[in-house]
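Notes to accompany the following structure.
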């Protein structure tokens, strides 16, 4: 049984005033049984402040880390810095980073390795674009990108999460069919088991791409969907917690 994870990705949204939403999440979590992990990944400017406000039930993560621990990398942030600020997870390989900043899978793998060395759990994102799906290349793309992006794991690794995010569904309101989501998540599970053995059976696989309260129940019911990487719906505590409530039912 894989423990569900509901993760919010605030992307480039959120000022200090948005921390009120974190307090609302903390209050709501106290009313729910501890049957799923809850995580918010705010912009780097809010990681430390959010970590001081988060309860034991709410984890905090980063949206990016460099693959080096320190050095002459102006504007970058290391996994060690995120951990020092109170983060326990970090997103790597998100499609917006891959596209906007030309982050290729080899770099994503090195980011995930750096995260693990800093004691963070990397959330490795994979997904196909609309043209690849239209050409029937989804499975090929997902497996290729995964195998190039997944880091080696030591026995004391803090863990690893994979998020499937069809690029064409992010922020569009469109999603694949439940059968299509199921096929991709089953493929991801097979690759994880092939890469990590029995440990790969217990790694959470999240769906990311326009998940919201109205469709969360249907998506989360799909086999091998162990949670969600939530974008816009994570910015408001009420929407985010509606999805969390669905995950623990």
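Kindly state which helices (runs of 4 or more DSSP H) lie completely within the stretch 55-168 and contain at least 3 residues that are touching a strand residue (DSSP E or B) at 6+ places or on another chain (Cβ under 7 Å).
On the way: elements: 79-85, 95-100, 105-117, 130-134, 138-149.
It comes to 105-117, 138-149.
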* Residue check for residue 180: surrounded by fewer than 21 Cβ atoms within 10 Å (Cβ to Cβ), over 26 Å from residue 76 (Cβ atoms) and at pLDDT 95 or above -> yes
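Under the condition of being out of contact with any strand residue (DSSP E or B) (no Cβ under 7 Å at 6 or more places or on another chain) and outside any helix (DSSP H, G or I), which residue from the stretch 227-242 is surrounded by the fewest Cβ atoms within 10 Å (Cβ to Cβ)?
In the first step, residues of the stretch 227-242 are kept if they are out of contact with any strand residue (DSSP E or B) (no Cβ under 7 Å at 6 or more places or on another chain); the result is 232-233, 235-239, 241-242.
Retained after the next criterion (residues that are outside any helix (DSSP H, G or I)): 235-236.
Values: 235: 19, 236: 15.
In this case the residue turns out to be 236.
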* Asked: Is it the case that some residue within the stretch 212-226 is without any contact (Cβ under 8 Å) to a residue 40 or more places away in the chain, surrounded by 15 or more Cβ atoms within 10 Å (Cβ to Cβ) and assigned to a loop (DSSP other than H, G, I, E, B)?
  -> yes
* To do: Inspect the stretch 46-59 for any residue being free of Cβ contacts under 8 Å to residues at least 12 places away in the same chain and surrounded by fewer than 24 Cβ atoms within 10 Å (Cβ to Cβ) and give the result as yes or no.
  => yes
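Out of 188, 205, report the one residue that is at pLDDT 95 or above, within 14 Å of the chain's Cα centre (by Cα), under 18 Å from residue 123 (Cβ atoms) and surrounded by 15 or more Cβ atoms within 10 Å (Cβ to Cβ). Steps first, please.
Values: 188 fails: within 14 Å of the chain's Cα centre (by Cα).
Selected residue: 205, the only one of 188, 205 that is at pLDDT 95 or above, within 14 Å of the chain's Cα centre (by Cα), under 18 Å from residue 123 (Cβ atoms) and surrounded by 15 or more Cβ atoms within 10 Å (Cβ to Cβ).
The values are calculated or read from the model by the stated rules, or taken from the named source; none is laboratory data. What you see is a predicted model, and the numbers here were worked out from it, not measured in a lab. A quick note on method: Cβ atoms are made from the backbone with ideal geometry, for glycine too, and the neighbour counts reach across all protein chains shown.
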